[in-house]
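Engineer: Structure in structure tokens, see below.
The values are calculated or read from the model by the stated rules, or taken from the named source; none is laboratory data. Just so it is clear, the model here is predicted, and its values are computed rather than measured. Glycine also receives a Cβ, built like all others from the backbone with ideal geometry; neighbour counts cover every protein chain displayed. Accessible surface areas use protein heavy atoms only, side chains included; no ligands, DNA or RNA. Shrake-Rupley method; radii C 1.70, N 1.55, O 1.52, S 1.80 Å.
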Amino acid sequence: MNHQEAAGSLVLIRPTPWSEREWFALLVRLVRRRTALFGLAVVVFVVGAALLAPLISPFDPLAQDITQRLRPPGWQDALGSVHPLGTDHLGRDILARSIYGARIALLVGCAAVAISGALGMAIGLVSGYFGGRIDDLFMRLADVQLAFPFILLAIAVIGVLGPSLQNIIVVIGVSSWVVYARVVRGEVLSLREREFVQAAIALGSRDGRVLVRHVLPNAFTPWLVVATLDMARVIVVESALSFLGLGVQPPTPTWGGMLADGRVYLTTAWWLATFPGLAILFTVLGINLLGDGLRDTLDPRLKL
Amino acid sequence: MKTFLIRRFLQSLLVLFGVSAIVFLILHLTGDPTLLLLPPDATAEEIARFRQVMGFNDPVVVQYVRFLRGAVQGNFGESLRHGEPALDLVVERLPATLELSAAALLIALCVAIPSGILSAVKRNTLLDYVSTVVALLGQSMPTFWLGIMLILVFSVQFNLFPSSGRGDLMHLVLPAITLGLFTTARITRLTRSGMLEVLGQDYIRTARAKGVGEPPVVWKHALKNASIPIVTIVGIELGTLLGGAVITETIFAWPGVGRLSVQAIYNRDFPVVQAAVFLLATTFVLVNLLVDVVYTYLDPRIRFR
């Protein structure tokens, strides 16, 4: 901020070059942390794999070949093509299924985080800004929400509604708002007392405008950290639901579903259960490292 | 302190009230619980009679009050599959789940607190790096995959531990490690950061300056003050453990509430699901109330808030 003010006139006559913008400086600081850089690289890799799945996947993830079932990693079939991670109990290529599995994991992750993040942001803003009865109500609701063992509530609700992509996203999204709301609320409580917010109120801005224009942008950073770390959790939850058969239904490849299949063949074909699990571990680890890096860069005081 | 505890008790009651509302609503999510509770080949006449008997024609509020009255008396209806009271089935399985969760928590505390402290004291040494990396992996590993891998290595390959069922201590080892790993990782990280923060405080410097030896500084002066957030997280982690037990019990065929509820969902035996969700949530609320009581002894400031 300081150097911008010092060079105020310069800033006015030419647009700030991208190398001097705030987000770029943050990105540089983030990337300087080796673990965060590794996390970012993993996330880019997994997102890239999911987006480009049809181009990079060596096989059709749904193509069955019962004569080629349960082949070990590195198996070369009669046509000369190699299955690097082997085939499953229906002769489907495990690498291809793992790549396509990233699509469901990331889709559920992004969509559910978008829902719970928006919900939590809204509740946190309102709760922290208005306080009083509204605040009490939402915080008691948060206590109720936290009293449930999450997975059990999720499988109970999905058991009633029936498993589908949409239901999974909605159930995870609607029941994960508490962390966001609490963090945003805490931030708003202190922002509300700051001069620029008080000034906006004194100048006669409506509550909605104060919240959206002045409070929200400043509460965004901790929210982003929570969202990143929550994405990792949601991916694990999605794969757990799929593992229990309550996720996206077969034949769509999901990491959790592949693990459930592999569990049956554990004694004879270890690779079935091993690789999808590694895919989850790798992805979640990457997101966690990125989240930790974001927290340390943006808001080191944040305790999560 | 009395007012604090009374207020916390009333708050817990309020939370349980909310829990009951959500448990009640689970069955009404699709709008018509009849279709969930009756087999799909039920005739229209049977459905109408069932609806009448169960009181599903009444206004939802009336139904909820009836449900609440039943829940307070421990009556969640009968299991559709076993014909027994749903709550009895769940309560019967509760000791197994508590045993597993307690063992997991015990492992977590015994591993996490020493390694967290060592990590903080020997900061930036190989030991710290190893413990940090293990904690990170533990936090990123899905429970069910870890369980499967443990079975693969320790049951299938080396035949050291049984892979399923409940019995002697040997049966408990793999499920407890599986369930406890995530919690271990979390508490390790929390202990490390908490200790680092406390070790930088003035009173630690004072203690060192006046000649207190390093072990008492770490174990007495620092740990006592770093233990407060650890106690809080233990209460919260219990929720994680009870939830994680659902998956762990399924993998290891552990006869607890979690496995019962997953089977009940497959069988569409919803009274049992409701009773299980309610009982586990109640357990969680009560344990957290207990944690708050412990808390007031650890941190006297809270008593006067």
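Engineer: Per the 1.4 Å probe, what fraction of the accessible area of the range A:32-302, in percent, lies on carbon and sulfur atoms?
Structural biologist: 65
Engineer: While we're looking at this one, here's another question. Which length gain, in nm to one decimal place, applies between A:Arg213 and A:Phe24 when the Cα-Cα distance is subtracted from 0.36 nm times their residue separation?
Structural biologist: 65.8 nm
Engineer: Now for a separate question. For helix A:150-161, what angle does its Cα long axis make with the longest principal axis of chain A, in degrees from 0 to 90 and rounded to 10?
Structural biologist: 70
Engineer: At a probe of 1.4 Å, how much accessible area disappears from chains A and B on forming the pair, both sides counted, to the nearest 100 Å²?
Structural biologist: In total, chains A and B hide about 3700 Å² from solvent.
Engineer: PRE reach from B:Val212 (point 7 Å along Cα→Cβ): which of the range B:181-202 fall under 16 Å by backbone N?
Structural biologist: Under cut-off, by backbone N: B:195-202.
Engineer: Could you work out how far helix B:60-72 tilts from the main Cα principal axis of chain B, as a 0 to 90 degree angle to the nearest 10?
Structural biologist: Approximately 60 degrees, to the nearest 10.
Engineer: Once you keep just the Cα pairs under 8 angstrom separated by 6 or more residues, what percentage relative contact order results for the range A:32-302?
Structural biologist: About 26 percent, as a whole number.
Engineer: Can you give me the long-range amide H partners of B:Glu78? Hydrogens built in the peptide plane at 1.01 Å from N, cutoff under 5 Å, separation of 5 or more residues or another chain.
Structural biologist: When sequence neighbours closer than 5 places are left aside, the close amide H contacts are B:Ala86.
Engineer: Also, quick follow-up: With +1 assigned to the C-beta of every Lys and Arg and -1 to the C-beta of every Asp and Glu, and no other charges, what is the dipole magnitude of the range B:188-305 about the Cα centre in debye, to the nearest 20?
Structural biologist: Once rounded to the nearest 20, the dipole reads 460 debye.
Engineer: Ignoring ligands, DNA and RNA, what accessible area per residue does chain A give at 1.4 Å, in Å²?
Structural biologist: 47
Engineer: Turning to a different aspect of this structure: So, in nm, how far is label A:His89 from label A:Ala114 when the simple model puts each one 7 Å beyond its Cα toward the Cβ?
Structural biologist: The two pseudo-label positions are separated by 3.5 nm.
Engineer: Okay, moving on. Kindly express, to the nearest 10 degrees and within the range 0 to 90, the angle between helix A:178-191's C-alpha long axis and the longest C-alpha principal axis of chain A.
Structural biologist: Around 20 degrees separate the two axes.
Engineer: Follow-up. Rolling a 1.4 angstrom probe over the protein heavy atoms, how many square angstrom per residue are accessible across chain B?
Structural biologist: 50
Engineer: How high is the relative contact order of chain B, in percent, counting Cα pairs under 8 Å that sit 6 or more residues apart?
Structural biologist: 27
Engineer: For A:His214, tell me the accessible area in Å² from a 1.4 Å probe, rounded to the nearest 10.
Structural biologist: Solvent-accessible area, nearest 10 Å²: 50 Å².
Engineer: Are there trypsin sites (Lys or Arg not before Pro) in the range B:188-266 that DSSP marks as loop and that have at most 12 other Cβ atoms within 10 Å, and which are they?
Structural biologist: Those satisfying the criteria are B:Lys210.
Engineer: Now for a separate question. Can you give the average number of partner chain beta-carbon atoms within 10 Å of each beta-carbon in peptide A:154-163, as a whole number?
Structural biologist: Average per residue, whole number: 6.
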